[in-house]
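Structure, as structure tokens:
The values are calculated or read from the model by the stated rules, or taken from the named source; none is laboratory data. What you see is a predicted model, and the numbers here were worked out from it, not measured in a lab. Glycine gets a Cβ as well: all are built from the backbone with ideal geometry, and neighbour counts include every protein chain shown.
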Amino acid sequence: MAFALQPPSHPSLHGQGAPLRCVRERILQTVAFEAGGLVIASPLYALVFDAPLHESVVLLGALAAACLTWCPIHNTGFDWLESRLASRTASDRPHRWRAVHALSHEVSVAVVTLPLIMSLGGLGFAEAISADIGLTLFYAGYAYFFHIAFDSLRPVAPAP
């Protein structure tokens, strides 16, 4: 499946606010984000927690699967709210709001992933919180730069 350089978008609900990414673009954004994160974070997790790489990949793969469910919900909700409040698209988001987006995303993901880190990572509560905080900080920075790159390569198309 080929993706155009100018991705399609869908008009905002009831013609209010700025256009949002279409479902196909949101799926591409989410899968690209999680795949890149898995490739970068798995070796780092294995190194920091002295875990075998294959166990790190399994744990972070499970975390990625949880995030694949949560990310589109969070991103669409954030984009929708921003569209209504500021009448701008995600690709026109100023840096301050990119930071808010990345941090709100990672805090909410931490709540979802803590039980997985404890069970699959074999960590106690305190260790799992430490791992979750470390992964949250890593992914918040990664999310900031990933979304700048993604929005630059695939901006939201203006409404027709």
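Before moving on, here are some points about what is shown:
- Against the criterion of being over 21 Å from residue 24 (Cβ atoms), over 13 Å from the mean Cα position of the chain (by Cα) and not hydroxyl-bearing (Ser, Thr, Tyr), residue 96 qualifies.
- Cβ-Cβ under 8 Å pairs, at least 6 apart or on other chains, the stretch 83-103 side of a type in the set (D, E, K, R), far side surrounded by fewer than 15 Cβ atoms within 10 Å (Cβ to Cβ) and at pLDDT below 90: 84/16
- Looking only at residues of the stretch 21-55 that are free of Cβ contacts under 8 Å to residues at least 60 places away in the same chain and of a type in the set (Ser, Thr, Tyr), we find that the one that is farthest from residue 152 (Cα to Cα) is 42.
- Count of the stretch 137-159 residues, restricted to those that are in contact with a Ser or Thr (Cβ under 9 Å, 6 or more places away or on another chain) and either assigned to a loop (DSSP other than H, G, I, E, B) or over 18 Å from residue 88 (Cα atoms) (or both), is 6.
- Set side by side, the residues 76, 69 differ, and just one is in a helix (DSSP H, G or I) and without any contact (Cβ under 8 Å) to a residue 40 or more places away in the chain, which is 69.
- Test: residue in the stretch 42-62 that is under 15 Å from residue 151 (Cα atoms) and in contact with a helix residue (DSSP H, G or I) (Cβ under 6 Å, 6 or more places away or on another chain): no
- Scanning the stretch 80-124 for residues that are closer than 14 Å to residue 146 by Cα and not in a helix (DSSP H, G or I) yields a count of 1.
- When the test is whether a residue is within 18 Å of residue 34 (Cβ to Cβ) and in contact (Cβ under 8 Å) with a residue 40 or more places away in the chain, residue 58 passes it.
- Extreme residue, modelled with the lowest pLDDT, among residues of the stretch 105-135 that are within 11 Å of the chain's Cα centre (by Cα) and not hydrophobic (A, V, I, L, M, F, W, C): 106
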